[in-house]
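Note sheet for the following structure.
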Ligand SMILES: Nc1ncnc2c1ncn2[C@@H]1O[C@H](COP(=O)(O)OP(=O)(O)OP(=O)(O)O)[C@@H](O)[C@H]1O
Ligand SMILES: [Mg+2]
């Protein structure tokens with residue numbers, strides 16, 4: 001402390017002397033010599049005043065590649081405006097949610113981190129570069145700008161700066177970016193795969209799907225357990241490593257059309273801020289395409305295969321085994337096979353990305369091969385079902401902003417009796433801006449559906465009677481056939 005004071009007072013007296021010297025030398029020396037005297041005095045002054053300081057430069061580029069640390073500092077500092085800051089830069093990109101605020105060149109930001117003062121300054125320098133002109137076959141110098149942040153702090157905090165503060169900035173900016181992240185949905189560029197290309201095989205657009213866990217009408221207990229499962233999954237990086245499992249999780253969403261399977265996928269993506277890769281299995285010509293697509297996806301993403309029962313031949317496994325045993329390789333070059341898909345989910349290749357979620361949807365779970373469904377492949381099976389009174393309350397709040405509404409006994413009874421999908425109920429709720437009117441529409445719809453269902457039931461019952469007659473007839477025929485067979489058998493014997 002005492003040393004610092006002495007230094008500062010020395011520096012101050014030097015500065016004062018500099019002013020006196022300046023007026024003297026201005027009288028007697030030419031400009032060039034005057035500048036030299038001043039710059040020597042200034043560098044001496046700077047050396048004395050900053051001898052206790054350490055500076056770290058963070059350049060925008062390292063070689064030709066952008067420096068991740070520079071980008072992190074830029075993001076981090078945009079949230080830190082100190083009293084020293086006089087000027088900021090503001091920008092807005094078409095697909096960004098808000099304004100991008102960054103530091104202007106020459107500005108200073110002072111950040112107090114765990115009681116230590118860290119001072120940042122953004123510098124921009126012009127540099128010369130020798131550029132070779134291909135056409136003229138000669139080289140010429142061209143000027144370019146290079147930017148860097150200068151971080152200065154007391155020398156004694158060197159360890160803290162390098163091993164605590166800078167890593168903290170990296171993590172912090174990662175979190176900010178994650179929060180601001182726009183979710184993208186990718187579809188495969190199958191034409192490129194057809195041409196044998198391996199780069200740019202996914203095309204992405206922003207996914208602005210409004211579905212969230214709050215807007216999703218589903219059993220509250222099931223919703224809570226899905227959210228908890230997702231949260232547990234993303235925080236278990238070390239756990240997965242320790243137990244020797246690839247860091248991935250599979251979900252099977254099953255249920256009738258219009259019960260919210262696709263909406264749940266969007267809600268999961270919004271909840272985790274994960275991008276979605278939508279795989280159209282019918283477009284994929286071979287297992288090797290499937291592998292290439294898998295390698296082309298990023299970490300922290302969701303791979304979705306919708307209507308899995310329609311996109312893969314569920315009987316093929318048996319056929320495939322038979323084909324293999326006959327020594328042919330027919331299926332490998334024609335389409336994705338079930339075993340190719342199983343490999344994709346949990347074979348060696350599946351470990352090539354981290355924090356991966358795989359979601360299959362189907363209307364008919366019972367049609368799926370058990371191999372697809374076992375834990376480790378589809379870890380959680382989520383049944384999306386018809387609208388219950390509790391899930392209806394979510395829809396009512398979504399569509400009519402009505403909370404704490406006590407459900408009319410009539411609606412509650414109808415919802416329990418009638419199998420109406422959330423999509424159907426939502427459609428009725430949209431018919432009027434007035435919640436009472438909409439409710440009337442819904443009651444009418446549910447009653448109509450109830451009548452329809454009871455008529456269907458009656459039809460089914462008569463079908464069952466007819467069916468059982470047919471069955472009996474068949475049995476009679478079979479009995480006759482059996483007797484004939486016995487005769488034949490008997491005659492053979
Ligand atoms: N559980 C739900 N919660 C909120 N809205 C829902 C729900 N289910 C359906 N909807 C509404 O119905 C529309 C269709 O639902 P969605 O596409 O998610 O159903 P799905 O189960 O994927 O159907 P399919 O089996 O035909 O693909 C949604 O856009 C949404 O408006
Ligand atoms: Mg769907």
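Among the residues of region 241-259, write down those that are assigned to a loop (DSSP other than H, G, I, E, B) and modelled with pLDDT under 90.
244, 245, 246, listed by residue number.
Quick one: count up the residues across region 411-433 that are part of a helix (DSSP H, G or I) and within 16 Å of ligand 2 (Cβ to nearest atom).
5
Go through region 349-364 and report how many residues are crowded, with 19+ Cβ neighbours inside 10 Å and either in contact with a strand residue (DSSP E or B) (Cβ under 6 Å, 6 or more places away or on another chain) or in a helix (DSSP H, G or I) (or both).
Selection size over region 349-364: 8.
What are the residues in region 237-267 that are in contact with a strand residue (DSSP E or B) (Cβ under 9 Å, 6 or more places away or on another chain) and more than 16 Å from ligand 1 (Cβ to nearest atom), if any?
Result: 240, 246, 247, 248, 249, 250.
Residues 226, 295: which one is surrounded by 20 or more Cβ atoms within 10 Å (Cβ to Cβ), in contact (Cβ under 8 Å) with a residue 24 or more places away in the chain, within 30 Å of residue 367 (Cβ to Cβ) and more than 16 Å from ligand 2 (Cβ to nearest atom)?
Answer to the selection: 226.
Among the residues of region 119-138, are any modelled with pLDDT of 85 or more and in contact with a helix residue (DSSP H, G or I) (Cβ under 8 Å, 6 or more places away or on another chain)?
yes
Those residues that are within 16 Å of ligand 2 (Cβ to nearest atom) and either without any contact (Cβ under 8 Å) to a residue 40 or more places away in the chain or closer than 17 Å to residue 198 by Cβ (or both), I need them from region 279-292; list them, please. Write out each step before concluding.
First pass over region 279-292, keeping only residues within 16 Å of ligand 2 (Cβ to nearest atom): 279-282.
Hits for region 279-292 are 279, 282.
Among the residues of region 281-301, count how many are modelled with pLDDT under 90 and not in a helix (DSSP H, G or I).
8
Report the residue count in region 369-386 for those that are more than 16 Å from ligand 2 (Cβ to nearest atom) and either in the same structural domain as residue 422 (by TED's automatic domain parsing) or under 21 Å from residue 256 (Cα atoms) (or both).
8
Answer with yes or no whether residue 277 is in a strand (DSSP E or B) and away from ligand 1 (no atom under 14 Å from the Cβ).
So residue 277 fits the description; yes.
Report yes if some residue within region 99-117 is part of a loop (DSSP other than H, G, I, E, B), assigned by TED's automatic domain parsing to the domain that holds residue 167, within 29 Å of residue 182 (Cα to Cα) and modelled with pLDDT under 80; otherwise report no. Walk me through how you get there before you give the answer.
Just the residues of region 99-117 that are part of a loop (DSSP other than H, G, I, E, B), to begin with: 99, 104-107, 114-115.
Checking which are assigned by TED's automatic domain parsing to the domain that holds residue 167 leaves us with 99, 104-107, 114-115.
Still in the list and also within 29 Å of residue 182 (Cα to Cα): 99, 104-105.
Now narrow it down to the ones that are modelled with pLDDT under 80: 99.
Within region 99-117, one or more residues are part of a loop (DSSP other than H, G, I, E, B), assigned by TED's automatic domain parsing to the domain that holds residue 167, within 29 Å of residue 182 (Cα to Cα) and modelled with pLDDT under 80.
Could you list, ordered by first residue, the pairs with Cβ atoms under 7 Å in which the first is in region 246-260 and not assigned by TED's automatic domain parsing to the domain that holds residue 372 and the second is modelled with pLDDT of 95 or more, at least 6 apart or interchain?
none
The values are calculated or read from the model by the stated rules, or taken from the named source; none is laboratory data. Please read these numbers as outputs of a predicted model, since none were measured by experiment. Reconstructed Cβ throughout: ideal geometry from the backbone, glycine too, with neighbour counts over all protein chains shown.
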